[in-house]
Amino acid sequence: MWQKSLNHQSLSEEEEKNALRKAPSLRFRFILAGVLVIGIIAGLAINLIFDYSQKLADLSYDRLLRSALLQMDENVGLMRNEVSIDIPWSAFATLAQAEEDRVFYKVESIEQGFITGYQDLDSVPPKPPQLDQIQFYNQKYSGEMVRFAWIERHLTDPETAQTVRIVLGQTRLSREEMASAVTQKAVEVVVFIALVAITLIIIGSHLVLRPLHRIERALEERIMGDLTPIDINTPKETHHLKVAINHFMARLQKNLEQLENYTADAAHQLRTPLASLKALAENARDNTSADYGSPEKQREALNNIVKQCDTLSQTVTLLLNQAVVSHRLQTHRLEPIDLLEAIQASCREQAVTALHQGVRLSLDCELQDPLILGDSFSIQQMMQNLIENAVRYSGLGVEHATEVIVQLNEFDGFYRVKVIDYGSGIPDIEKERVFERFYRGRYDIAGSGVGLAMVKDIVDHHSARIQILDTEPKGTTFQVDFAKFTFGVNEA
Amino acid sequence: MRRFLVWGSVALIAFLSVATGKLWATEPVWFGNVSASRVLYINSAMDLASFEPILTEFVALHPDVRVAYRDVNTLELYYQTIKEQNKPQASLVVSSAMDLHLKLVNDGYAQTYQSSLTDRLPANFKWRNQLFAFSLEPIVMLVNKKAFPGALPDDRQSLLQTIRQNEKEMTKRIGTYDIRKSGVGYLLASQDARQADVTWGRLLEAFGSHDVQTYCCTHEIIDDVASGKLVLGYNLLGSYASQRARDDDRLKMILPKDYTLMLMRVALIPKGAPNTEDAGVFLDFLLSDKAQKMMQTQGLLFPIRPDLNSQNDPYVVNAPGPTGVIELDQQLLVGRDYAKQKRFIRNWEMALEISEEE
């Protein structure tokens, strides 16, 4: 069997490589997800930086503009009822800090009109003007985008009152330069951080997956048939995987043990009838005395041999059924089945055999669709064994019992199956042992000693409960309780 | 009404210029081969004497270029450049009125030019890569040694003192720019007012009470100082004054000790100008080692490149006091502010007792 699996491996090495190439890589997914997330974050950050650097540049240079505007504003006065302005040199020295930026301005009063500056500069602030409130805004002038500062205020003296408006603008060259310098630096930092993060993810993915490789190596390095639990230290995150593997190996171990048991069973089962068959055949061959040499005796000896062959055949069938049942139990999922149907099928099958042995088999049930979660074939096997057993025990004892009753009743939450015989019964001391493999209560009855063990296996697998009770006045009752299947409950 | 005043003053200045017979009408002086394939038009407010050797050298180096050189007053240059904004005649405009040239650039009349030579120019000698300085010269006083009464002044204070002490000799014998007619004259006066407001006020008062003579151009003042008609010329361009003082024993150039203004000569290429390629080549030539050295060694101009100045050279500016370099930046716009300019000229006229209609 191991050899076979090795062959399988070597045969498909090429295929395996192909499959490996096509298989999704955990590490690749991990890195890809990381890179995507970092990329998105970096993108957002850069977007924010673009916005922020613009604001920062405007903030800094707006201060210059404000200062220049206020210096101009301070030098506005009324002279002989006329607004006059003497722009201080320092105002424009302030603006000259933005070295390459052109400057435009206009001073006007609502009453007097244009006073000085650029007469065609008609700049309107975006918000409704408020006295003494400086407004900053961008507007195109002289073929370039210009940042304007705008202020309006009252000038009063005893004889006149005027509203003066000063607009001072500066092109955006220095601002753009500063913004792009800030952006460039920040983008460099963001890109650097993103690259470092990606590198860490790549290294991290390697580190994270290392325990998996360790488990993999630990398994690879094992000798054949070593199914002991993995005993290496792994991080918490891989603990469950380790436990699962160990669990899986334990199941494998159990299966292997079962297989060994089964093989032993089979050998045991077949040895006795074969030995007895051999003895019968030898008898028939060796007994040449007149007594036994008669054709009648020979015929009787041959009959015995045939009978023994039947028993052997039965045993082989039973073993085969057991093998099928145990395979089914391991591979098939339980599903909702009609318990009655399975019981009826078994009864039908067994009725004739029972009659041959002088036993009448009856089924007592009035239920409709008793559903349980189970495997129909296994249930049938279970019933067959129980009925066979009952029929067999009916033939024992002083009086030959003539009846075996199968009952199916409904209780709160479960169905109870009873197989009742009126045979000799089982002493209490043996009741505990009948489910042991190869335990045979009475060696004078034919039987494999496997049947009830299989029944127990099936019952256990269905999470059911089996009990052996005494029948009144005599005999044995096997009682099995199956939980009811209700939709939505057992499934969960 | 205000608008009318603005254009009115422009018209007035234009009228004054026409009256002096020098507006737009000047015929260009030609340099280079007549058969040259390309023509470079230069409008310049610079005496040809200072520029001729440089132009001659340029056409020698570039035989396929012919230079048409037109000498124009600084103020006229400004208005002409604006007037021709849609179809400029000049490929290059050269002026000593830094403020007007800067205003032209600020108002969008110039185009950008960049070369390895302009890149080498320090940032304070250019603006926006549209305005380039190629010469930095002192603003000086020029005296007629023989005619000057008393000791020669070494600063503005001593000049004031001399005027007060020699009222008769000084009356009508001081010459300076008419700031209404000369762009550079206005610039220098406004810078004087900025540098030392009180001194400027006293000087103006003294000039007014002694019938100062006003001129349009430096060389006319120098001529009159040399002939003895004037004893002193105030605020003259150092390059012209030094040329004349070197050849003429009667003249002495004085760099005022209290402060010496330093003026740049600047050039720009008008937006949409013809043959901008050769304008760039010529600009590069002006900034080249060769031209800068020529200015230095032949005493044409004071070069802008400080690395070419050597202490032994007689034409290196050795100002006895602090120098006030007129900065080539947005501050120049303040001097040309409409309201300020109007007020400044009116004050000047009042001080000098010159009527507006003159």
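The values are calculated or read from the model by the stated rules, or taken from the named source; none is laboratory data. Every value quoted in this text rests on a predicted model; they were computed, and no experiment measured them. Cβ: placed from backbone, ideal geometry, glycine included. Neighbour counts: every protein chain shown. Surface accessibility is based on the protein's heavy atoms, side chains included, excluding ligands, DNA and RNA. Shrake-Rupley method; radii C 1.70, N 1.55, O 1.52, S 1.80 Å.
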- Item | Hits in the range A:348-363 - residues which are under 46 Å from the mean Cα position of the chain (by Cα) and surrounded by fewer than 20 Cβ atoms within 10 Å (Cβ to Cβ) | A:Arg348, A:Glu349, A:Leu363
- Expected single match for charged (D, E, K, R), surrounded by fewer than 14 Cβ atoms within 10 Å (Cβ to Cβ) and away from every other protein chain (no Cβ under 14 Å) among A:Glu152, A:Glu159 is A:Glu159
- Message: So, restricting to helices (runs of 4 or more DSSP H) that lie completely within the range A:11-98, which ones have at least 1 residues that are under 30 Å from A:Phe114 (Cβ atoms)?
- Response: A:26-74, A:89-95
- Message: Going residue by residue through the range B:19-39, is there one that turns out to be surrounded by 24 or more Cβ atoms within 10 Å (Cβ to Cβ) and in contact with a Phe, Trp or Tyr (Cβ under 8 Å, 6 or more places away or on another chain)?
- Response: no
- Task: Mind listing whichever residues of the range B:117-144 are in contact (Cβ under 8 Å) with a residue 40 or more places away in the chain, assigned to a helix (DSSP H, G or I) and either in contact with a Phe, Trp or Tyr (Cβ under 7 Å, 6 or more places away or on another chain) or within 13 Å of another protein chain (Cβ to nearest Cβ) (or both)?
- Result: B:Thr118, B:Asn124, B:Phe125
- Note on the structure: Restricting attention to the range A:104-128, the residues that are outside any loop (DSSP other than H, G, I, E, B) and either closer than 22 Å to B:Asn106 by Cβ or touching a residue at least 60 places away in the same chain (Cβ under 8 Å) (or both) number exactly 9
- Matching residues in the range A:306-347 - criterion: being crowded, with 17+ Cβ neighbours inside 10 Å, of a type outside the set (S, T, N, Q) and in a helix (DSSP H, G or I): A:Leu312, A:Leu318, A:Leu319, A:Val325, A:Leu329, A:Leu339, A:Leu340, A:Ala342, A:Ile343, A:Cys347
- Task: Specify which of the listed residues (B:Gln195, B:Gln213) is within 14 Å of another protein chain (Cβ to nearest Cβ), within 21 Å of the chain's Cα centre (by Cα) and open to solvent by 20 Å² or more (accessible area, probe 1.4 Å).
- Result: B:Gln195
- Task: Name, by its number, the condition in (1) polar (S, T, N, Q); (2) within 43 Å of the chain's Cα centre (by Cα); (3) not assigned by TED's automatic domain parsing to the domain that holds A:Ile372 that does not hold for A:Gln344.
- Result: (3)
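Within the range A:455-472, can you find the residues that are open to solvent by 50 Å² or more (accessible area, probe 1.4 Å) and either hydrophobic (A, V, I, L, M, F, W, C) or touching a residue at least 24 places away in the same chain (Cβ under 8 Å) (or both)?
Of everything in the range A:455-472, those that are open to solvent by 50 Å² or more (accessible area, probe 1.4 Å) and either hydrophobic (A, V, I, L, M, F, W, C) or touching a residue at least 24 places away in the same chain (Cβ under 8 Å) (or both) turn out to be A:Asp457, A:His461, A:Leu469, A:Asp470.
Yes or no: the range A:111-121 includes at least one residue that is surrounded by 14 or more Cβ atoms within 10 Å (Cβ to Cβ), within 13 Å of another protein chain (Cβ to nearest Cβ) and under 23 Å from A:Val182 (Cα atoms).
no
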- Note on the structure: A:Glu177: passes all of (1) more than 14 Å from chain B (Cβ to nearest Cβ); (2) part of a helix (DSSP H, G or I); (3) open to solvent by 80 Å² or more (accessible area, probe 1.4 Å) but (1)
- Hey, could you check the range A:79-107 for residues that are surrounded by 21 or more Cβ atoms within 10 Å (Cβ to Cβ) and farther than 30 Å from B:Ala123 by Cα and say which is nearest to the other protein chains (Cβ to nearest Cβ)? A:Ile85
- Message: Out of the helices (runs of 4 or more DSSP H) lying entirely within the range B:193-272, which hold 2 or more residues that are small (Gly, Ala, Ser) and either farther than 20 Å from B:Gly324 by Cα or modelled with pLDDT of 95 or more (or both)?
- Response: B:197-209, B:218-227
- Query: How about the range B:41-87: which of its residues are under 19 Å from B:Thr297 (Cβ atoms) and either over 17 Å from the mean Cα position of the chain (by Cα) or charged (D, E, K, R) (or both)?
  - Reply: B:Asp47, B:Glu52, B:Pro53, B:Ile54, B:Leu55, B:Thr56, B:Glu57, B:Phe58, B:Ala60, B:Leu61
- Query: Could you list, in sequence order, the residues of the range B:90-116 that are more than 13 Å from every other protein chain (Cβ to nearest Cβ), out of contact with any strand residue (DSSP E or B) (no Cβ under 6 Å at 6 or more places or on another chain) and more than 23 Å from B:Ile326 (Cβ to Cβ)?
  - Reply: B:Ser115, B:Ser116
- Query: Could you give every pair whose Cβ atoms fall below 6 Å, whose first residue belongs to the range B:333-347 and is in contact (Cβ under 8 Å) with a residue 60 or more places away in the chain and on the phi < 0 side of the Ramachandran plot, and whose second residue is assigned to a helix (DSSP H, G or I) and among the polar types (S, T, N, Q), counting only separations of at least 6 or pairs across chains?
  - Reply: B:Gly335/B:Ser190
- Quick check: is even one residue across the range A:55-63 in contact with a Ser or Thr (Cβ under 9 Å, 6 or more places away or on another chain) and within 14 Å of chain B (Cβ to nearest Cβ)? yes
- Task: For the range B:48-91, enumerate the residues that are of a type outside the set (Val, Ile, Thr), open to solvent by less than 20 Å² (accessible area, probe 1.4 Å) and in a strand (DSSP E or B).
- Result: B:Ala68, B:Tyr69
- Message: Among the residues of the range A:213-258, what is the count of those that are open to solvent by 60 Å² or more (accessible area, probe 1.4 Å), over 25 Å from A:Asp457 (Cα atoms) and part of a helix (DSSP H, G or I)?
- Response: 12
- Evaluate the following for B:Leu100: is it open to solvent by less than 10 Å² (accessible area, probe 1.4 Å), at pLDDT 95 or above and closer than 28 Å to B:Val334 by Cβ? yes
